[in-house]
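In what follows, a single structure is set out as structure tokens and then discussed.
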Amino acid sequence: MIRHARPSLLLYDWDNTLVDGWAGISGALNAAFTAFGKPLWTIQDTKNRVRVALKESFPVMFGDDWEKARDIFYAAFREDHLSHVQPMAGVADMLEAGRPWTQGVVSNKAGRYLRAEVTHLGWDHHFDTVIGAGDAKADKPSPDPILLALERLGRQADRSIWYLGDTASDMIAARAAGVTAVLVGDASHDGGVENATPDIHFLSAYQLAEQLRLLA
């Protein structure tokens with residue numbers, strides 16, 4: 001394994017990086033699709049298609065009815081998202097390996113639901129900041145949420161800071177913020193590793209945990 005330069009701070013994406021919450025997201029989307037007579041999505045469809053925050057994607061999918069669709073989505077999501085959210089394989093160990101560093105979350109999941117999931121999993125002690133959709137002026141792939149997290153941590157952006165995610169959008173946001181773009185996983189749901197063009201790539205949370213222990 002290549003030994004990388006030691007990071008100074010670790011910021012993580014949430015869905016499909018730290019947790020698998022796609023069943024809850026897919027179910028809530030299908031509630032909105034059903035209300036408007038649209039074709040339903042499988043969980044794999046949701047993984048493949050969800051890239052940006054709801055306030056950007058719903059006007060495209062639902063047109064002038066997007067706010068009504070949003071309300072249906074959130075009503076369904078609020079009802080059962082906590083029952084679906086599960087840690088991705090190896091992530092609990094990875095977060096423990098990351099404890100020598102300040103750690104935080106920057107996600108496009110709405111902040112209130114994101115923070116509820118962090119608490120539900122008992123992970124509050126891991127993170128010094130948790131930024132969700134709507135917390136910054138714009139959501140990923142804008143760099144604004146990453147820069148807001150750094151502001152709250154009293155840090156300036158630099159390449160020693162790692163932003164870890166699972167999609168090309170995450171890598172774009174990281175580079176735009178001036179931090180190191182780190183891909184976790186194979187990005188098979190988003191065109192693969194070559195499409196993501198990360199600065200650093202780890203095949204899994206297990207491999208990342210091993211690297212963090214070496215660097216600690």
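Structural remarks
Matching residues to (1) among the aliphatic types (A, V, I, L, M); (2) assigned by TED's automatic domain parsing to the domain that holds residue 106; (3) assigned to a strand (DSSP E or B):
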position	(1), (2), (3)
170	no, yes, no
181	yes, yes, yes
189	no, yes, no
193	yes, yes, no
207	no, yes, no
211	no, yes, no
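Results for (1) crowded, with 20+ Cβ neighbours inside 10 Å; (2) assigned to a strand (DSSP E or B), shown as yes or no for each residue.
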site: 7; (1), (2): yes, no
site: 11; (1), (2): yes, yes
site: 24; (1), (2): yes, no
site: 28; (1), (2): yes, no
site: 33; (1), (2): no, no
site: 44; (1), (2): no, no
site: 56; (1), (2): no, no
site: 59; (1), (2): no, no
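- Residue within segment 27-42 that is modelled with pLDDT of 95 or more, closer than 29 Å to residue 156 by Cβ and in contact with a Ser or Thr (Cβ under 9 Å, 6 or more places away or on another chain) present: no
- Counting the residues of segment 61-91 that are part of a helix (DSSP H, G or I), modelled with pLDDT of 95 or more and in contact with a Phe, Trp or Tyr (Cβ under 7 Å, 6 or more places away or on another chain) gives 5.
- Odd one out for residue 115 among (1) under 14 Å from the mean Cα position of the chain (by Cα); (2) under 12 Å from residue 18 (Cβ atoms): (2)
- Condition met for residue 95 (under 30 Å from residue 160 (Cβ atoms) and either modelled with pLDDT of 95 or more or assigned to a helix (DSSP H, G or I) (or both)): yes
- Scope segment 94-112; condition among the hydroxyl-bearing types (Ser, Thr, Tyr) and buried (at least 22 other Cβ atoms within 10 Å of the Cβ); matching residues: 107
- For segment 160-192, filtering for residues that are at pLDDT below 95 and among the β-branched types (Val, Ile, Thr) leaves 1.
- Filtered residues of segment 107-129 (kept if under 23 Å from residue 76 (Cα atoms) and of a type in the set (A, V, I, L, M, F, W, C)): 110, 114, 116, 118, 121
- On the stretch given as segment 98-117, residues that are modelled with pLDDT of 95 or more and basic (Lys, Arg) total 2.
- A residue that is within 21 Å of residue 177 (Cα to Cα) and out of contact with any Pro (no Cβ under 9 Å at 6 or more places or on another chain) can be found somewhere in segment 44-57.
- Any pair with Cβ under 6 angstrom, 6 or more apart, that starts in segment 75-99 at a residue that is farther than 27 Å from residue 10 by Cβ and ends at one that is surrounded by 15 or more Cβ atoms within 10 Å (Cβ to Cβ) and not β-branched (Val, Ile, Thr): 76/28; 76/31; 77/28
- Out of 104, 134, 191, sole residue that is under 16 Å from residue 52 (Cβ atoms) and in contact with a strand residue (DSSP E or B) (Cβ under 7 Å, 6 or more places away or on another chain): 134
- The residue of segment 115-140 that is nearest to residue 82 (Cα to Cα), among those that are part of a loop (DSSP other than H, G, I, E, B) and either of a type in the set (A, V, I, L, M) or in contact with a Phe, Trp or Tyr (Cβ under 8 Å, 6 or more places away or on another chain) (or both), is 121.
The values are calculated or read from the model by the stated rules, or taken from the named source; none is laboratory data. Predicted model only: the values in this text are computed from it and were never measured. Note that we place each Cβ from the backbone using ideal geometry, even for glycine, and neighbour counts take in every protein chain shown.
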